[in-house]
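Below you will find the structure I want to go over with you.
The values are calculated or read from the model by the stated rules, or taken from the named source; none is laboratory data. Remember, it's a predicted structure, so these values are computed and weren't measured experimentally. No Cβ is skipped: glycine too gets one built from the backbone with ideal geometry, and neighbour counts run over all protein chains shown. Just so you know, the surface numbers come from the protein's heavy atoms only, side chains and all, with ligands and any DNA or RNA stripped out. Shrake-Rupley method; radii C 1.70, N 1.55, O 1.52, S 1.80 Å.
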Amino acid sequence: MVADTDHKSRERAAQECPDARVVEDYEVLLADEAVDAIVICTPNCHHIHVLRKAIPSRVRHILVEKPLCTTVEHCQEVAELVAENMGPETGRIFWVGMEYRYMPPIARLLEHVDNGEIGKLHMVHIREHRFPFLLKVGNWNRFSENTGGTLVEKCCHFWDLMRRILQGAKAVRVYATGGMDVNHIGETYEVNGVKKRPDIIDNAFVSIDFDNGARGCLDLCMFAEDRQHEEVHVVGSKGKVHAEAPACGEEGITRRDVARAPPLPPLPPLRCHTLTPHQFGTLPPRQPSPIYPLCQW
């Protein structure tokens with residue numbers, strides 16, 4: 001069963017799922033006795049409105065797309081509703097779609113971290129260089145009031161992942177700097193009869209201090225490449241592990257006694273490609289860069 005207020009989306013749903021019942025009002029879906037679980041994938045700012053009705057409803061299980069909500073107050077309200085209506089004794093499941101935890105390379109990275117292989121954790125660095133946000137129905141994702149802002153809409157995955165890697169550590173200090181420097185400049189969209197300019201940032205650096213003494217860093221750029229590429233690096237007292245996603249790759253590196261380690265071999269000549277927006281499709285296949293394990297320090 002599909003509920004959508006956009007008629008074009010309903011038409012497409014009917015074409016792709018001809019056996020499904022397609023309706024405009026989500027409350028019709030919530031009341032349907034045949035529905036056991038729902039997925040909420042409305043624009044971010046509307047999650048709270050649907051959740052206020054869905055959590056106390058007869059529906060047993062709820063998956064809501066990330067981010068949970070666009071304000072702290074709304075997130076707190078949802079947490080209270082879940083505690084009141086979906087406690088462990090009910091057998092109901094409430095989940096926010098933080099799927100990065102379960103990507104194969106990230107799952108392997110977490111195994112290395114959780115088994116203590118790299119020792120006490122000190123640093124987490126996440127880097128994403130990718131293409132701009134894709135178009136959404138009604139261009140709702142061009143405005144921070146709808147999305148919560150880029151560091152919420154896109155990067156909630158990374159804040160969740162940092163806390164998962166650091167086993168629940170809480171942020172105590174945050175420094176962030178970013179801007180809207182390339183994407184969507186000069187664009188205008190009509191919203192309720194008023195022309196508005198996008199206000200979502202397209203690049204940022206964020207540094208975080210955690211209460212267990214570890215540090216986290218995010219490097220985000222949404223105009224650097226024509227692919228989605230993320231790297232996660234975790235450094236501990238005994239070594240480091242890093243993974244790349246959505247490409248499947250992970251590597252663990254351990255560190256030996258620095259005083260007894262042999263010198264590193266000389267570096268090869270540097271290879272460099274200068275990318276412009278018109279050259280993304282013309283580059284030669286990327287060759288793997290040489291890796292010098294830190295265990296040779």
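I'm checking my understanding of the structure. Among residues of segment 72-110 that are open to solvent by less than 50 Å² (accessible area, probe 1.4 Å) and of a type in the set (S, T, Y), which one is nearest to L161 (Cα to Cα)?
This residue is Y100.
Residue-wise test of (1) assigned to a helix (DSSP H, G or I); (2) without any contact (Cβ under 8 Å) to a residue 40 or more places away in the chain.
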position	(1), (2)
M123	no, no
I126	no, no
F131	no, no
L135	no, yes
H157	yes, no
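Can you give me the number of residues within segment 182-210 that are basic (K, R) and loosely packed, with under 12 Cβ neighbours inside 10 Å?
Within segment 182-210, residues that are basic (K, R) and loosely packed, with under 12 Cβ neighbours inside 10 Å number 1.
Of the conditions (1) under 26 Å from V234 (Cα atoms); (2) of a type outside the set (G, A, S); (3) in contact with a Cys (Cβ under 6 Å, 6 or more places away or on another chain), T150 satisfies every one except a single condition; which number is it?
It is condition (3) that T150 fails.
Continuing with this model, one more query. Condition first: under 17 Å from R163 (Cβ atoms) and surrounded by 13 or more Cβ atoms within 10 Å (Cβ to Cβ). Now tell me which residues in segment 113-123 satisfy that.
V113, L121, H122, M123
Return the pairs, sorted by first residue and then second, in which the second residue is part of a helix (DSSP H, G or I) and open to solvent by less than 30 Å² (accessible area, probe 1.4 Å), the first residue lies in segment 96-108 and is more than 11 Å from P246 (Cβ to Cβ) and among the charged types (D, E, K, R), the beta carbons are less than 8 Å apart, and the residues are 6+ apart or on different chains.
Between residues of segment 96-108 that are more than 11 Å from P246 (Cβ to Cβ) and among the charged types (D, E, K, R) and residues that are part of a helix (DSSP H, G or I) and open to solvent by less than 30 Å² (accessible area, probe 1.4 Å), the close pairs are R101/L110; R101/L161.
Residue under question is I165, and the condition is that it be open to solvent by less than 30 Å² (accessible area, probe 1.4 Å), touching a Lys or Arg at 6+ places or on another chain (Cβ under 6 Å) and under 17 Å from A243 (Cα atoms); does it hold?
No; evaluated as a whole, the condition is false for this residue.
Between N146, N139, which is part of a helix (DSSP H, G or I) and either of a type in the set (D, E, K, R) or touching a strand residue (DSSP E or B) at 6+ places or on another chain (Cβ under 7 Å) (or both)?
N139
Continuing with this model, one more query. Here's a check for you: in segment 31-52, which residue that is of a type outside the set (K, R) and more than 21 Å from V137 (Cβ to Cβ) is most open to solvent (accessible area, probe 1.4 Å)?
Per the stated criteria, the residue is E33.
Take E11 and decide whether it is among the acidic types (D, E) and closer than 30 Å to G178 by Cα.
When the stated conditions are applied, E11 does not pass them.
Got at least one residue in segment 53-66 being without any contact (Cβ under 8 Å) to a residue 12 or more places away in the chain, open to solvent by 20 Å² or more (accessible area, probe 1.4 Å) and either touching a helix residue (DSSP H, G or I) at 6+ places or on another chain (Cβ under 8 Å) or over 30 Å from E187 (Cα atoms) (or both)?
No: segment 53-66 contains no residue that is without any contact (Cβ under 8 Å) to a residue 12 or more places away in the chain, open to solvent by 20 Å² or more (accessible area, probe 1.4 Å) and either touching a helix residue (DSSP H, G or I) at 6+ places or on another chain (Cβ under 8 Å) or over 30 Å from E187 (Cα atoms) (or both).
Looking for whichever is among the small types (G, A, S), modelled with pLDDT of 95 or more, out of contact with any helix residue (DSSP H, G or I) (no Cβ under 7 Å at 6 or more places or on another chain) and surrounded by 15 or more Cβ atoms within 10 Å (Cβ to Cβ) here; the options are G149, G213, G179. Which one fits?
On inspection, the qualifying residue turns out to be G149.
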